[in-house]
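Below you'll find the structure, written out as structure tokens, and then a few comments.
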Amino acid sequence: MSFRLDRLLTNATGLVVVQVGTCIPLQLAFNYNQRSSNGQRKGGYNPPPGASNILGLEASGIVDKLGPGCPPSVTIGKKVMVLLAGGGNAEYVTSPWQLLMEVPDHFSMSQAAAVPEVWLTAYMLLYKLGHLTKDDTVLIHAGGSGVGTAAVQLVKQSGAKCIVTAGSQEKIDFTKTLGAAEGINYKEEAVGDRVLELTNGKGVDLIMDCVGASMYEENVKAAALDGRWVVYGLMGGINSNVNLGALLRKRVHLIFSTLRSRSLEYKTSLVTDFSQLAMPKFADGTFQPIVQTVLPLSDIAKAHSLMEANKTLGKIVLEVYGKDVKKDEL
């Protein structure tokens, strides 16, 4: 292993090898059918060109080796969490140094593993694409998911208001402890009508949509005049009868986005901006990564089954070495 890693780094400017310390996360980012790892496993969410075809879009661990061109701030032995385009379900991962984030002092490695993909996705959707302001009301679909629980906390911190959707009262109640103002059980209520009731007929300024087709009509109804609607997943299907007139009358800004395939330059900027906002909040406890279950890597099939059952809150994390530790114990 060491020989192969050394050879890999010989001409890999700015590349870092991270030994995954204890944990790797099972992804809760979404795609058109299941969440990312499930989707890739089923052949529906292939990695971008040049990325590893091994599952896993984030990890935590220690810097083990450095390629040429890494800055002095990146040192061997540093505890980091890292955004990946693939390859996270492994004992070692490689990453450009620009995508590393230092693990907060009080975090366990499982908490650190639960940060990069979902928190960066939520930050991108809200700020980079959704142009979140403190005066906004935001509708967050799948509020109990990894991205959803991160987004609720980001919205609360901004001073804006959020309404979540979820499939159970348990999930709604939990998101309210994170800062959600209201929750809608999409299995029991018409989301669009309920949003209008909660907003006195105005609708929401920003929609975070990981559902797609099955929620299209409800989102059209829920959107405010000049609302922003950011679609980042299609769990509810890809085909819908689209009434463009309704979008035109409301002057809705409809935006589609993914993170995995974006350029290193974009991801670097995203990591930098996110870190400036979030790292102090992680340090003082304002922001908390939500980890429901930690399983050994050998139970990866069980982890996928749990996620497909859609009953989880936050993240499922996979341990590599079977013992979770705090940063200073690794």
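The values are calculated or read from the model by the stated rules, or taken from the named source; none is laboratory data. Note that the coordinates shown come from a computational prediction; the quantities given were computed from them, not determined experimentally. Please note: Cβ atoms are built from the backbone with ideal geometry, for glycine as well, and neighbour counts cover all protein chains shown. Calculation scope for accessible area: heavy atoms of the full protein, side chains included, ligands and nucleic acids excluded. Shrake-Rupley method; radii C 1.70, N 1.55, O 1.52, S 1.80 Å.
Listing for the model above:
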| quantity | calculated |
| --- | --- |
| Pair residue 200, residue 273: separation of 7 Å Cα→Cβ label points (nm) | 3.2 |
| Relative contact order of the stretch 112-222, pairs being alpha-carbon contacts under 8 Å that are 6 or more residues apart, as % | 25 |
| Most to least packed among 220-230, 292-302, 136-146 [average Cβ atoms within 10 Å] | 136-146, 220-230, 292-302 |
| Accessible surface, the stretch 172-330, averaged per residue in Å² (probe 1.4 Å) | 49 |
| Cβ crowding within 10 Å averaged over residues, with 186-193, 125-132 ranked highest first | 125-132, 186-193 |
| Gain upon complete extension [residue 266, residue 102; 0.36 nm per residue less C-alpha separation] | 57.1 nm |
| Cross-link table 176/267; 79/134; 128/302; 79/128; 202/281; 171/221, entries beyond 25 Å C-alpha to C-alpha | 176/267; 79/134; 128/302; 79/128; 202/281 |
| Fully extended contour minus Cα-Cα distance, from residue 309 to residue 52, at 0.36 nm per residue | 89.8 nm |
| Residue 75 versus residue 157: modelled label distance in nm, points set 7 Å from Cα along the beta carbon direction | 2.6 |
| Packing rank of 238-244, 98-104, where each peptide gets the mean count of other beta carbons within 10 Å, highest leading | 98-104, 238-244 |
